[in-house]
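Student: I have a structure here, written as structure tokens, and I will follow up with some questions on it.
The values are calculated or read from the model by the stated rules, or taken from the named source; none is laboratory data. In this text, all values refer to a predicted model and were calculated from it rather than measured experimentally. Glycine also receives a Cβ, built like all others from the backbone with ideal geometry; neighbour counts cover every protein chain displayed.
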Amino acid sequence: MRKATTIVLLIGGSAALASCGGGGLLNRARPDEFAVQRQAPLVVPPDFNLVPPAPGAPRPGEGTASEQALDALFGGPAPRSAVETSALSRAGSADPGIRSSIGDPQTHTVAKGSVTRDILAAPEGDGANAQAVIPG
């Protein structure tokens, strides 16, 4: 039994070594790096479906950036729903210079009362003692 195992291992080892021999490490075929040619750059073929613009027609690229973004994303401005239109009409429009007048000392503000001051001045906590009271 021992002799048969040794013979099988010798035959397998010699077959493995024989398959490795192929001319040695220094005589193997390598690709020639100077035989490589550069490829021509890719060229976009012309689009024959394009037609020249009509005289006096507006240019297709004109418009604001937001209009171009809406056109690219959604295919143009979408109509507003009735709820959105109602909310916008009730809100009215803001004064264009509102941001510059916020820090003005002459700007009048509304006092929200002591509860708001207490909430804003309250120390930060972990919320363990927080309570919610629902009236009614």
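Student: Which residue is modelled with the highest pLDDT, if the candidates are limited to segment 81-125 and must be in a helix (DSSP H, G or I) and of a type in the set (Lys, Arg)? I'd like the intermediate steps shown before the answer.
Tutor: Taking segment 81-125 as the starting set, the residues that turn out to be in a helix (DSSP H, G or I) are 82-91, 98-101, 114-121.
From the residues that got through so far, the ones that are of a type in the set (Lys, Arg) too are 90, 99, 117.
Numbers: 90: 91, 99: 74, 117: 81.
Per the stated criteria, the residue is 90.
Student: Scan segment 75-110 residue by residue and report those that are surrounded by fewer than 10 Cβ atoms within 10 Å (Cβ to Cβ) and touching a Lys or Arg at 6+ places or on another chain (Cβ under 9 Å).
Tutor: none
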